[in-house]
Amino acid sequence: SSVQTLGLEVGINYGQIANNLPSPARVSYLLRSLNISRVKLYDADPNVLLAFANTNVEFIIGLGNEYLQNMTDPIKAQNWIQQRVQPYLTRTKITCITVGNEVYKTYDHQLWSNLLPAMQTVYNTLVNLGLDKQVTVTTAHSLDILSVSFPPSAGAFRQDLGEYLHGILNFHAQVKSPFLINAYPYFAYKDKPNEVPLNYVLFQPNQGTMDPNTNLKYDNMLFAQIDAVYSAIKAMGHTDIEVRISETGWPSRGDENELGATPENAGLYNGNLLRRIEEKQGTPAKPNVPIDIYVFALFNENQKPGPTSERNYGLFYPDGTPVYNIGVQGYLPELIYSSATTNNGFSICSLLALAIAYLISS
């Protein structure tokens, strides 16, 4: 039977800390056959950028934290952009550069000090090269930059980050770039499973929580986290900066102490989240602004350090088969890389579209 792909507006994080992943050319086929048109990288891998040439897939590329000091030097920043970005722009759609990732999680005060100057230098270099209308500049933060996340209307940044974030927010307002946050309700559940209802973090039916200051009701934690970030930004004097989720996901496996890391929960989290995206839902405080999300991650990455969960966030195994079913048991076709099967391939989008179409029809 033919399946109507619903064109879900979701991005995917394409991490590569693994020694068993398919080639970028095969990944390019996989994602296009699955209708995914937005990809976030953690570097500017030329093999990936070449593999996606002339595909209309939009890329966020990354400058790792190890580059920040160099990027405060205009000459080094220009060399990097001219070597790692400019040659690919004519055929590959690079729309954003993330300068650093979760810098404030490092507690490296030199990195903290270098972040804004690096962002400014990269942006000024793009302006000088006439590329600033094509490529924007931002950075991605972990959610622990907040000191208060609930109720959402009381959201506030950590006091020790105030002077740094003030400058970064001014930069975003000036250049009109989004504020990126990596948000994982999974961590809140894992740390306090007796206090955080599982249905609330999985977008399942639940009683929800009420913000006593606004009387807005939240039926899931992710939307509450997004609104808390908006409140923290507003508390620093800005109301015109868009918040986007640069990472969110749920692990399908974990260690004994990583409660909730199961294929079933991962399928519920990502499947229910994608339905919200398909419905173009906004948060309670921003109902007319559809959430903008990059799911983490495309593949399980077998060389990531840390607990077992870190190696099990993928939607797919490296051989292209889904790690778990999303919504429709036993109805997900195998992914085939042969060029003869272009019209029969599936990706996260069409897998989720299958789930949504099934749920709608039933």
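The values are calculated or read from the model by the stated rules, or taken from the named source; none is laboratory data. The structure presented is a predicted model; accordingly, all values stated were derived computationally and were not measured. All Cβ positions, glycine included, derive from the backbone under ideal geometry; neighbour counts span all protein chains shown. We work out accessible area using only protein heavy atoms, side chains counted, and drop any ligands, DNA or RNA first. Shrake-Rupley method; radii C 1.70, N 1.55, O 1.52, S 1.80 Å.
Per the conditions (1) assigned to a helix (DSSP H, G or I); (2) hydrophobic (A, V, I, L, M, F, W, C); (3) under 26 Å from LEU21 (Cα atoms), the sole criterion not satisfied by PHE223 is (3).
Name every residue in the range 40-68 that is of a type in the set (A, V, I, L, M, F, W, C) and in contact (Cβ under 8 Å) with a residue 60 or more places away in the chain, in order of residue number. Outline the logic, then answer.
We begin by selecting, within the range 40-68, every residue of a type in the set (A, V, I, L, M, F, W, C); these are 41, 44, 48-53, 57, 59-61, 63, 68.
The one that is of a type in the set (A, V, I, L, M, F, W, C) and in contact (Cβ under 8 Å) with a residue 60 or more places away in the chain: ILE60.
So which residues in the range 247-304 are out of contact with any Leu (no Cβ under 8 Å at 6 or more places or on another chain), open to solvent by 40 Å² or more (accessible area, probe 1.4 Å) and acidic (Asp, Glu), if there are any at all? Within the range 247-304, ASP255, GLU256, GLU264, GLU279 qualify. Close contacts from the range 307-322, counting a first residue that is touching a residue at least 60 places away in the same chain (Cβ under 8 Å) and on the phi > 0 side of the Ramachandran plot and a second that is surrounded by 16 or more Cβ atoms within 10 Å (Cβ to Cβ) and assigned to a loop (DSSP other than H, G, I, E, B), with Cβ to Cβ under 9 Å and a gap of 6+ residues or different chains, come to GLY320/PRO22; GLY320/LEU335; GLY320/ILE336; GLY320/TYR337. For the range 92-126, filtering for residues that are more than 24 Å from ARG38 (Cα to Cα) and at pLDDT 95 or above leaves 17. State whether one or more residues within the range 251-267 are in contact (Cβ under 8 Å) with a residue 60 or more places away in the chain, within 22 Å of PHE59 (Cα to Cα) and not in a strand (DSSP E or B). No, the range 251-267 contains no residue that is in contact (Cβ under 8 Å) with a residue 60 or more places away in the chain, within 22 Å of PHE59 (Cα to Cα) and not in a strand (DSSP E or B).
Scan the range 129-152 residue by residue and report those that are under 13 Å from THR95 (Cα atoms), β-branched (Val, Ile, Thr) and open to solvent by 10 Å² or more (accessible area, probe 1.4 Å).
Our first condition is that a residue be under 13 Å from THR95 (Cα atoms); within the range 129-152, this holds for 131-138.
Right, trim to β-branched (Val, Ile, Thr) and you get 135-138.
Scanning the range 129-152 gives a single hit, THR136.
What number of residues within the range 236-245 satisfy the criterion of being surrounded by 15 or more Cβ atoms within 10 Å (Cβ to Cβ) and closer than 11 Å to HIS166 by Cα? Lay out the reasoning, then the answer.
Applying the first criterion (surrounded by 15 or more Cβ atoms within 10 Å (Cβ to Cβ)) to the range 236-245 yields 236, 238, 241-245.
From what's left, closer than 11 Å to HIS166 by Cα: 236, 238.
Counting residues in the range 236-245 that are surrounded by 15 or more Cβ atoms within 10 Å (Cβ to Cβ) and closer than 11 Å to HIS166 by Cα gives 2.
Scanning the range 176-203 for residues that are over 21 Å from the mean Cα position of the chain (by Cα) and touching a residue at least 12 places away in the same chain (Cβ under 8 Å) turns up PRO193, VAL196, LEU198.
Taking ASP211 as the residue in question, decide whether it is surrounded by fewer than 23 Cβ atoms within 10 Å (Cβ to Cβ), over 21 Å from LYS176 (Cβ atoms), of a type in the set (D, E, K, R) and in contact with a helix residue (DSSP H, G or I) (Cβ under 6 Å, 6 or more places away or on another chain). Step through it out loud before you land on a result.
Numbers: surrounded by fewer than 23 Cβ atoms within 10 Å (Cβ to Cβ): yes; over 21 Å from LYS176 (Cβ atoms): yes; of a type in the set (D, E, K, R): yes; in contact with a helix residue (DSSP H, G or I) (Cβ under 6 Å, 6 or more places away or on another chain): yes.
Against the criterion (surrounded by fewer than 23 Cβ atoms within 10 Å (Cβ to Cβ), over 21 Å from LYS176 (Cβ atoms), of a type in the set (D, E, K, R) and in contact with a helix residue (DSSP H, G or I) (Cβ under 6 Å, 6 or more places away or on another chain)), ASP211 qualifies.
Every condition in (1) open to solvent by less than 10 Å² (accessible area, probe 1.4 Å); (2) among the hydrophobic types (A, V, I, L, M, F, W, C); (3) more than 19 Å from ASP292 (Cα to Cα) holds for LEU50 except the one numbered (1). The residues listed here are SER153, SER147; of these, the one that is of a type in the set (Gly, Ala, Ser) and assigned to a strand (DSSP E or B) is SER147. How many residues does the range 195-220 contain that are of a type outside the set (A, V, I, L, M, F, W, C) and either under 23 Å from SER147 (Cβ atoms) or part of a strand (DSSP E or B) (or both)? Qualifying residue count for the region: 10. In the range 69-98, of all residues being aliphatic (A, V, I, L, M) and in contact (Cβ under 8 Å) with a residue 12 or more places away in the chain, the one that is surrounded by the fewest Cβ atoms within 10 Å (Cβ to Cβ) corresponds to LEU89.
I'm trying to understand the selection: among the residues of the range 90-111, which are under 18 Å from LEU129 (Cβ atoms) and of a type in the set (S, T, N, Q)? Walk me through how you get there before you give the answer.
Keep residues of the range 90-111 that are under 18 Å from LEU129 (Cβ atoms), which gives 90-97, 99.
THR90, THR92, THR95 - these are the residues of the range 90-111 that are under 18 Å from LEU129 (Cβ atoms) and of a type in the set (S, T, N, Q).
When the range 183-221 is examined, which residues are found to be β-branched (Val, Ile, Thr) and over 23 Å from ILE293 (Cα atoms)? It would help to see each step written out before you state the result.
Initially, the range 183-221 is screened for residues β-branched (Val, Ile, Thr), giving 196, 201, 209, 214.
Answer for the range 183-221, where residues must be β-branched (Val, Ile, Thr) and over 23 Å from ILE293 (Cα atoms): just THR214.
Given the criterion open to solvent by less than 40 Å² (accessible area, probe 1.4 Å), over 23 Å from GLU58 (Cβ atoms) and aliphatic (A, V, I, L, M), identify the matching residue among LEU126, LEU165.
One residue alone meets the criteria, LEU165.
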